[in-house]
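J.: Provided herewith is a single structure, encoded as structure tokens, for subsequent inquiry.
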Amino acid sequence: MNLRASIGFFIAGLLAVAFACSSDPEAPVSKKFLDDGSFGVKAGETYRVVIPVAATPLRVPLGVGTSPLLWLGETQGIRYGAILIHFNLSSASGYAGKTIASARLRLPIQAARPAVTATFHELEGNFTDADSISAIPPYDPLAIAGESPGDVERRIAYDTLVNDTLRSKINGSFLLDRTIVSEWLSGARDHHGIAIIWAEDPTSVGFLEMNAHERGSDPPALRVKFADGDSASFGADADYTVATFGGGGLDCVGGVARRLYFGFDLSGLPARAMVHGSFLVLKTVTDEGLGATSAELALGYTSSFYYYLYAPKTADTLGRGADTKVTVYLGFFDPVAADTISIPIGGYIRDIVVGARPNRGLVLQSNVEGSRIQKAAFHSSGDDAPRIEIIYTMPADFGSTP
């Protein structure tokens, strides 16, 4: 049999089978089956539901110790209460016996709005950049003086008004008590570091930024001049910003840190619902957000708020280990420019509906809360309150024709 004949025979066979099936009264696609209503399928309807959520802040005892910048003051409700600095005095023995002519604390100020008044104190214990410090460690309440015993309050500033003209003037060099510094260098006095602390609560514009030793150049330093004309500089080998946030709003703050827990009830959702899409919807309060400070922007940081949304696997809503939480979504937005944030959570909702996962709520956190201080603020009431939007379809009804 030639090829053309074979193809013709094959097509004829297919047509014979097709006609045979279409005339079979028992076939599920027969005209009789459809006409008499035995296959009375009604397409399911599509629904959109809005489910309110109860949002609760979660306090996380975490701080940021490895950052290229240090901060003091307050901005957007985040209170940078102290800067801790430890100087590397490993080479101090080479200056033993020398008389100190002057000792200065050099702070590499990058920006200040407009100034912060602070006092300097000796720490009573050591700290490291790897610590998670959320409160100022114990320190000597007696402030380190400058040239005179009463010289304890220091005005740290960047811009100064001179002859009605705003000119750049860095005020980041401060004399320290020579006796204390001499004892540090000789080892007669333990050096655990110093704490730079507000002398008084700053106003909303009282905020300064300076280099940390992690930046790699121009760190905070102790600069000493000796009576014989020699000089030495002892740079910081550990520094830390102690920050807190006590705001009462619906805020997710990285680096302090504060997460948000969202609880919700899905019992009203039909068990047979086929979920096509679902979203956690949040409305930002842009004038209360903090994406990046001016010095961070100068370093090339963006103001994007990178977030991590997870579902706790246990009653531990903080999910302290990777095995105690399930990643639901990772994303980012600009907390000072974005408007409505819709976070896809479809797979998570589907699992709850079919009983594959218990509903323990969702937790939102900064995905860089261990390395950056940021803040995203959200509306908590009214039409802009947090909510979950679900789009689902009911399956087709395989019952009889109505």
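The values are calculated or read from the model by the stated rules, or taken from the named source; none is laboratory data. Note that the coordinates shown come from a computational prediction; the quantities given were computed from them, not determined experimentally. FYI the Cβ positions are ideal-geometry reconstructions off the backbone, even for glycines, and counts take in every protein chain you see.
J.: Being under 28 Å from Glu74 (Cβ atoms) and acidic (Asp, Glu) is true for just one of Asp251, Asp230, Asp265. Which residue is that?
T.: Criteria check complete, one pass: Asp251.
J.: Scan the stretch 364-381 for residues that are over 16 Å from Thr286 (Cα atoms), in contact with a Leu (Cβ under 7 Å, 6 or more places away or on another chain) and surrounded by 19 or more Cβ atoms within 10 Å (Cβ to Cβ) and jot them down.
T.: Residues satisfying the conditions are Leu364, Glu369.
J.: Another question about this same structure. Can you say whether Gly94 is closer than 30 Å to Ala377 by Cβ and not in a loop (DSSP other than H, G, I, E, B), as far as the supplied structure shows?
T.: no
J.: Here's another thing I want to ask about it. Here are some residues: Ser278, Ser303. Which one is assigned to a strand (DSSP E or B), modelled with pLDDT of 90 or more and not assigned by TED's automatic domain parsing to the domain that holds Arg79?
T.: Result: Ser278 is the single residue among Ser278, Ser303 that is assigned to a strand (DSSP E or B), modelled with pLDDT of 90 or more and not assigned by TED's automatic domain parsing to the domain that holds Arg79.
J.: Return yes when Phe87 is of a type outside the set (S, T, N, Q) and either surrounded by fewer than 16 Cβ atoms within 10 Å (Cβ to Cβ) or modelled with pLDDT under 85 (or both) and no when it is not. Talk me through it step by step, then tell me what you get.
T.: Values: of a type outside the set (S, T, N, Q): yes; either surrounded by fewer than 16 Cβ atoms within 10 Å (Cβ to Cβ) or modelled with pLDDT under 85 (or both): no.
No, not satisfied.
J.: To continue, here is another question. Does Ser304 count as without any contact (Cβ under 8 Å) to a residue 60 or more places away in the chain and surrounded by fewer than 19 Cβ atoms within 10 Å (Cβ to Cβ)?
T.: Criteria met by Ser304.
J.: Follow-up. Against the condition touching a strand residue (DSSP E or B) at 6+ places or on another chain (Cβ under 8 Å), within 30 Å of Asp129 (Cβ to Cβ), of a type outside the set (A, V, I, L, M, F, W, C) and not in a strand (DSSP E or B), how does Gly319 come out, does it pass?
T.: On the way: touching a strand residue (DSSP E or B) at 6+ places or on another chain (Cβ under 8 Å): yes; within 30 Å of Asp129 (Cβ to Cβ): yes; of a type outside the set (A, V, I, L, M, F, W, C): yes; not in a strand (DSSP E or B): yes.
Taking the combined requirement at face value, the residue satisfies it.
J.: Within the stretch 368-391, how many residues are part of a loop (DSSP other than H, G, I, E, B), of a type in the set (Gly, Ala, Ser) and within 16 Å of Gly289 (Cβ to Cβ)?
T.: 1
J.: Can you confirm whether the stretch 254-261 contains a residue that is in a strand (DSSP E or B), surrounded by fewer than 17 Cβ atoms within 10 Å (Cβ to Cβ) and not assigned by TED's automatic domain parsing to the domain that holds Ala111?
T.: Keep residues of the stretch 254-261 that are in a strand (DSSP E or B), which gives 254, 258-261.
If we keep only those that are surrounded by fewer than 17 Cβ atoms within 10 Å (Cβ to Cβ) as well, we get none.
No, the stretch 254-261 contains no residue that is in a strand (DSSP E or B), surrounded by fewer than 17 Cβ atoms within 10 Å (Cβ to Cβ) and not assigned by TED's automatic domain parsing to the domain that holds Ala111.
J.: Filter the stretch 322-355 down to residues that are crowded, with 19+ Cβ neighbours inside 10 Å, in a loop (DSSP other than H, G, I, E, B) and not hydrophobic (A, V, I, L, M, F, W, C), then give me how many there are.
T.: The number of residues fulfilling the criteria is 1.
J.: Looking at the stretch 211-238, which of its residues are touching a Ser or Thr at 6+ places or on another chain (Cβ under 9 Å) and either buried (at least 24 other Cβ atoms within 10 Å of the Cβ) or assigned to a strand (DSSP E or B) (or both)?
T.: The answer is Asn211, Ala212, Ala221, Leu222, Arg223, Val224, Lys225, Phe226, Ala232, Phe234, Asp237, Ala238.
J.: Show the residue pairs that are 6+ apart or on different chains and have beta-carbon atoms under 6 Å apart, the first residue being within the stretch 330-357 and without any contact (Cβ under 8 Å) to a residue 24 or more places away in the chain, the second being in a loop (DSSP other than H, G, I, E, B).
T.: Note: pairs meeting the criteria are Asp351/Arg357.
J.: What's the number of the only condition in (1) of a type outside the set (Lys, Arg); (2) in a strand (DSSP E or B); (3) modelled with pLDDT under 90 that Ser134 fails to meet?
T.: With respect to (1) of a type outside the set (Lys, Arg); (2) in a strand (DSSP E or B); (3) modelled with pLDDT under 90, Ser134 is out only on (2).
J.: Restricting to the stretch 162-210, give me the number of residues that are within 23 Å of Val242 (Cβ to Cβ), at pLDDT 90 or above and not in a strand (DSSP E or B).
T.: Count: 7.
J.: Do you know which residues across the stretch 332-376 are under 23 Å from Gly255 (Cβ atoms) and touching a helix residue (DSSP H, G or I) at 6+ places or on another chain (Cβ under 6 Å)? Give the steps one after another, and end with the answer.
T.: Just the residues of the stretch 332-376 that are under 23 Å from Gly255 (Cβ atoms), to begin with: 332-338, 341, 343, 362-376.
Answer for the stretch 332-376, where residues must be under 23 Å from Gly255 (Cβ atoms) and touching a helix residue (DSSP H, G or I) at 6+ places or on another chain (Cβ under 6 Å): just Val336.
J.: Would you call Tyr139 at pLDDT 90 or above and aromatic (Phe, Trp, Tyr)?
T.: When the stated conditions are applied, Tyr139 passes them.
J.: Out of the residues in the stretch 98-124 meeting the condition of being assigned to a loop (DSSP other than H, G, I, E, B) and at pLDDT 95 or above, tell me which one is farthest from the chain's Cα centre (by Cα). Break it down stepwise before answering.
T.: At the first step, the residues of the stretch 98-124 found to be assigned to a loop (DSSP other than H, G, I, E, B) are 98-99, 107-108, 114, 124.
Keeping just the survivors that are at pLDDT 95 or above gives 99, 124.
Values: Thr99: 48, Glu124: 31 Å.
Here the answer is Thr99.
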